[in-house]
Amino acid sequence: MLADAARQFAGRRAAPARIRACRNRSPDFDADVWKDMAELGWLAMLVPEDDGGMASSPGTGLADMGQLVYEWGAACGPEPLLATGVLAASLLVASDGPARADFLARTMEAAAVPAVAWLDDGASCTREAEGWRVSGQARFVTPADATDFLLVFAPGSGQPALRVAAGTPGLHVTREPRVDGTGAALLSLRDVRVPERDLLARAGTAASASETARDHALILAAVYMTGTMRTINAMTQEYLRTRTQFGKPIGAFQALQHKAVDMHIAEQLARDVAQNACVLVDAGCTSDQRACLASRAKARAGESLDRVARMAVQLHGAIGYTDEYDLSLYLNRALVLSAWLGNADEHVRRYARHAPPFEAANA
Amino acid sequence: MNPTPDTSRATNWNALSDEDFRQRIRDYLEAHYPGELRYPSRRLFWNEIGGWYRKMSEIGWIAPNWPREHGGMGLDPAKLLIFYEEHERWGVSRFADMGILMVGPLLIRHGTPEQQKQWLPRIIACEHLWCQGYSEPNAGSDLAGLRTEAVRDGDGYVINGQKIWTTLAQDATHIFILARTDKDAKKQAGISFFLADMKQPGIRVRPIRDVAGHEELNEVFLENVRVPAENLVGVPNEGWKIAKALLGFERIFLGAPKYPNYALGVLARVAQACGLTDDPGFALQFARLRMQVEDHTACYERFIDIVKRGEPVPPDISMLKIVSTESFQAIADQVIRAAGQAGQLAGPVALGGDTIDVLGPFFRALPSTIYGGTNEIQRNVLAREVLRLPS
């Protein structure tokens, strides 16, 4: 039911024409669509019932949220469901500071659209009488048009997580265009004052809260990417059935059939891994297990989507290389998603850091 | 460990909880399965594994997949999976049990009461050992193009032709044969299903030495082989249909993560022996393959859940065999690369204080993309039945 409703909404509100209209502009998504998503409860899926959301407890709700994200990924709508609805929302849920409750409520009703900003290693955060003073840089922050930035410092720095509104003195935002037509913000902070009331997560909690949020975002990004693969594969299979050369549909040629099958297998395998991760995280696991599940899901989805998107262009031939044909939207979104929060290679390394020592089953 | 577990034939296995059932199977295997036969590096012949199967027969466990009225355990799909999982976990060698896997289920579904009475008890008693006469020199992937012929002659049929790639035919007492009974009918339409005694004039078995030096595969020559008419199973000329319908959910085992896991274990040992464990390049490769096996397991579990719910296995199951076998081959290749120069040595070899058959996983993985329907045929099936691409 959830999936059906999501599919209908995505079909209505993420048509290719609107995706095109949002490209290379600021804001890079439509506020009214975002409001509709909030009203439907899409931004409350990962928020615990105690905070007015739909999740049975903090750190759960991934499987349900996954159904929405999957459909949104299939449609490739530009609204920041992953960056805000998952990454920022999960960070807020896992936080414990005075800014949490009110800001979480405002995020759920789309009154605020926060973006998580991981500050570079050189950043400084100095305790002052009435709050903190922050200097530093953060890159690849999305959505670029966020109303607020949730500052997170390097793990091990012992710093809290803080909220800073866009337009705060000392905060400078530069927009870097992404290949799918959305933007990524490059933040530069110089002696930005953050008052006590904007403390999101205390120093003792901030690191684990941001790692929880990262893992949730990785897993749901993987789910989103399997949705994108579904669309690319459906388009490609339809093309193979209808495009005629040498007197028959090109989908009758075995060389092309086997490539299409490999694309299908890549999609299904990535979906199995991502769904499995949702279920296991919802059921509860250690932070190392969660990191392994998340990195496996993102690595698998990244590698699969990379292959599926490239092969789709090949099977379409020259038309697949045009901007006019909608495959271009999904190819460019695929490039963005593969790199976002780390590509497949990076997540193989992260998995290796978190995996338990290998024990052979039977060698 | 329980040395005398309850193996009574009266036990209603399906009424036990999954955990209880699993524990009973596990206890029995751990207590009774001969240690020297765990995880053999090749298929075992009847003179090696026969004793174990006779024991299985004695305690009523020889046919877990058959209904109880025919001497089986009558396990439901979920329990049957557990039964096989525990066998794999303990490294129990499965005999090429074609009588149990194929002939029994076939006769139970399509056989006459007389056929059932004649053949089933002897399979249960390990008196008859069956091999499968399907492939022919010119009918492999295109099995329906088979040319072995059965001609009606009085109260029986006379069969002429040749079968090939017959696993462990040298041990079999009987063979089931797909043979053409109507040369004029369309390819699939004129085929019938026969049961034949191997110990009769006209049947000759010739082992085929494989690239690993083993002789598990055979050619079977059929020259004027007489079979009584009552050895035809089902309706004449409709053997293809019943042979196809036999592809039950056991197909899922072709896609189990057992072999990739085994190869990964060998890879870890080779890495240890060759001092590669701390090499960053190798560590990355190993992590990739380990993730691959875990991902494959997640996919396998999706299909297992379908089977447990008692639903029919969807045609998408073909992807599982592709993922499993290609992963197995990739890991087996990595074992050889990790072993360096030892990759040229045959059989178990000394390696850094360990003894490892470096080429073992390779030789087991190599034919896995060929048997059970080549991976190319599996891709054809997926293209046709799942992706609905034109032909």
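The values are calculated or read from the model by the stated rules, or taken from the named source; none is laboratory data. Note that this is a predicted model, so its numbers are computed, not measured. Here Cβ is always computed from backbone atoms with ideal geometry, including for glycine, and neighbour counts include all displayed protein chains.
Those helices (runs of 4 or more DSSP H) of segment B:67-182 in which at least 2 residues are within 17 Å of the chain's Cα centre (by Cα) and crowded, with 18+ Cβ neighbours inside 10 Å, considering only elements entirely within it, cover B:77-89, B:104-110. Tallying residues that are over 22 Å from B:Phe362 (Cα atoms) and aromatic (Phe, Trp, Tyr) within segment B:220-269 yields 3.
For segment B:270-320, what are the residues that are acidic (Asp, Glu) and touching a residue at least 24 places away in the same chain (Cβ under 8 Å)? Spell out how you get there, then give the answer.
Of segment B:270-320, the ones acidic (Asp, Glu) are B:278-279, B:294-295, B:301, B:305, B:311, B:316.
Answer for segment B:270-320, where residues must be acidic (Asp, Glu) and touching a residue at least 24 places away in the same chain (Cβ under 8 Å): just B:Asp316.
Summed over segment A:244-268, the residues that are touching a residue at least 12 places away in the same chain (Cβ under 8 Å) and within 21 Å of A:Ala222 (Cα to Cα) give a count of 6.
Just one of the numbered conditions (1) within 14 Å of chain A (Cβ to nearest Cβ); (2) assigned to a loop (DSSP other than H, G, I, E, B) is not true of B:Val323: (2).
Checking each residue of segment B:210-221 against the condition of being in contact with a Leu (Cβ under 6 Å, 6 or more places away or on another chain), over 30 Å from B:Phe328 (Cβ atoms) and either in contact (Cβ under 8 Å) with a residue 24 or more places away in the chain or among the hydroxyl-bearing types (Ser, Thr, Tyr) (or both) gives no match.
Please specify each residue of segment A:125-165 satisfying the condition of being without any contact (Cβ under 8 Å) to a residue 24 or more places away in the chain, of a type in the set (A, V, I, L, M) and in contact with a strand residue (DSSP E or B) (Cβ under 8 Å, 6 or more places away or on another chain). Full working, then the answer.
Here is the first cut: in segment A:125-165, the ones without any contact (Cβ under 8 Å) to a residue 24 or more places away in the chain are A:126-127, A:129, A:165.
Retained after the next criterion (residues that are of a type in the set (A, V, I, L, M)): A:129, A:165.
If the condition is that a residue be without any contact (Cβ under 8 Å) to a residue 24 or more places away in the chain, of a type in the set (A, V, I, L, M) and in contact with a strand residue (DSSP E or B) (Cβ under 8 Å, 6 or more places away or on another chain), then A:Ala165 is the only one that fits.
Out of A:Asp272, A:Asp323, A:Asp288, A:Asp345, I need the residue that is touching a Lys or Arg at 6+ places or on another chain (Cβ under 6 Å) and either facing chain B (nearest Cβ under 10 Å) or modelled with pLDDT of 95 or more (or both). Which one? Even if it seems obvious, please write down each step before you answer.
Working: A:Asp323 fails: touching a Lys or Arg at 6+ places or on another chain (Cβ under 6 Å); A:Asp288 fails: touching a Lys or Arg at 6+ places or on another chain (Cβ under 6 Å); A:Asp345 fails: touching a Lys or Arg at 6+ places or on another chain (Cβ under 6 Å).
Checking each option against the conditions leaves just A:Asp272.
Here B:Arg22 fulfils each of the conditions (1) at pLDDT 95 or above; (2) touching a His at 6+ places or on another chain (Cβ under 9 Å); (3) not aromatic (Phe, Trp, Tyr) apart from (2).
Of A:Ala255, A:Ala266, which residue is modelled with pLDDT of 95 or more, touching a helix residue (DSSP H, G or I) at 6+ places or on another chain (Cβ under 7 Å) and within 13 Å of chain B (Cβ to nearest Cβ)?
Only one candidate passes the filter, namely A:Ala266.
B:Glu230 meets each of the listed conditions (1) more than 27 Å from the chain's Cα centre (by Cα); (2) within 14 Å of another protein chain (Cβ to nearest Cβ) apart from (2). Of the residues contained in segment B:100-114, one or more are found to be of a type outside the set (Asp, Glu), out of contact with any His (no Cβ under 6 Å at 6 or more places or on another chain) and farther than 16 Å from B:Phe176 by Cβ.
Please work out if B:Leu389 is crowded, with 21+ Cβ neighbours inside 10 Å, in contact with a strand residue (DSSP E or B) (Cβ under 9 Å, 6 or more places away or on another chain), farther than 21 Å from B:Arg42 by Cα and within 14 Å of chain A (Cβ to nearest Cβ).
yes
Across segment B:337-383, the qualifying residues are those that are within 14 Å of chain A (Cβ to nearest Cβ) and assigned to a strand (DSSP E or B), and the one among them that is nearest to the chain's Cα centre (by Cα) is B:Asp357.
Here the condition is being closer than 16 Å to A:Glu196 by Cα and of a type outside the set (Asp, Glu); of A:Leu92, A:Leu171, A:Leu150, A:Leu104, it holds for A:Leu150 alone.
Within segment B:306-317, the set of residues being at pLDDT 90 or above, in a helix (DSSP H, G or I) and more than 9 Å from chain A (Cβ to nearest Cβ) comprises B:Ile306, B:Pro315, B:Ile317. A count restricted to segment A:288-347 and to residues that are buried (at least 21 other Cβ atoms within 10 Å of the Cβ) and either touching a strand residue (DSSP E or B) at 6+ places or on another chain (Cβ under 8 Å) or among the aromatic types (Phe, Trp, Tyr) (or both) stands at 2.
Between B:Phe303, B:Phe286, the distinction of being at pLDDT 90 or above, part of a helix (DSSP H, G or I), within 24 Å of B:Val335 (Cα to Cα) and within 12 Å of another protein chain (Cβ to nearest Cβ) belongs to B:Phe286 only. Among the residues of segment A:316-345, the one identified as more than 16 Å from the chain's Cα centre (by Cα) and under 15 Å from B:Leu284 (Cβ atoms) is A:Asp345. The condition of being within 11 Å of chain B (Cβ to nearest Cβ), acidic (Asp, Glu) and in contact with a helix residue (DSSP H, G or I) (Cβ under 8 Å, 6 or more places away or on another chain) holds for A:Glu303.
Okay, residues lined up against (1) over 22 Å from A:Ala184 (Cα atoms); (2) in a loop (DSSP other than H, G, I, E, B); (3) out of contact with any Cys (no Cβ under 8 Å at 6 or more places or on another chain):
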residue	(1), (2), (3)
A:Ala3	yes, no, yes
A:Asp50	yes, no, yes
A:Gly53	yes, yes, yes
A:Ser57	yes, yes, yes
A:Ala74	no, no, yes
A:Thr84	no, no, yes
A:Ala89	no, no, yes
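A count restricted to segment A:63-113 and to residues that are of a type in the set (Phe, Trp, Tyr) and in contact with a His (Cβ under 7 Å, 6 or more places away or on another chain) stands at 0.
When the residues of segment B:343-386 are filtered to those that are without any contact (Cβ under 8 Å) to a residue 24 or more places away in the chain and of a type in the set (Gly, Ala, Ser), the one that is surrounded by the fewest Cβ atoms within 10 Å (Cβ to Cβ) is B:Ala350.
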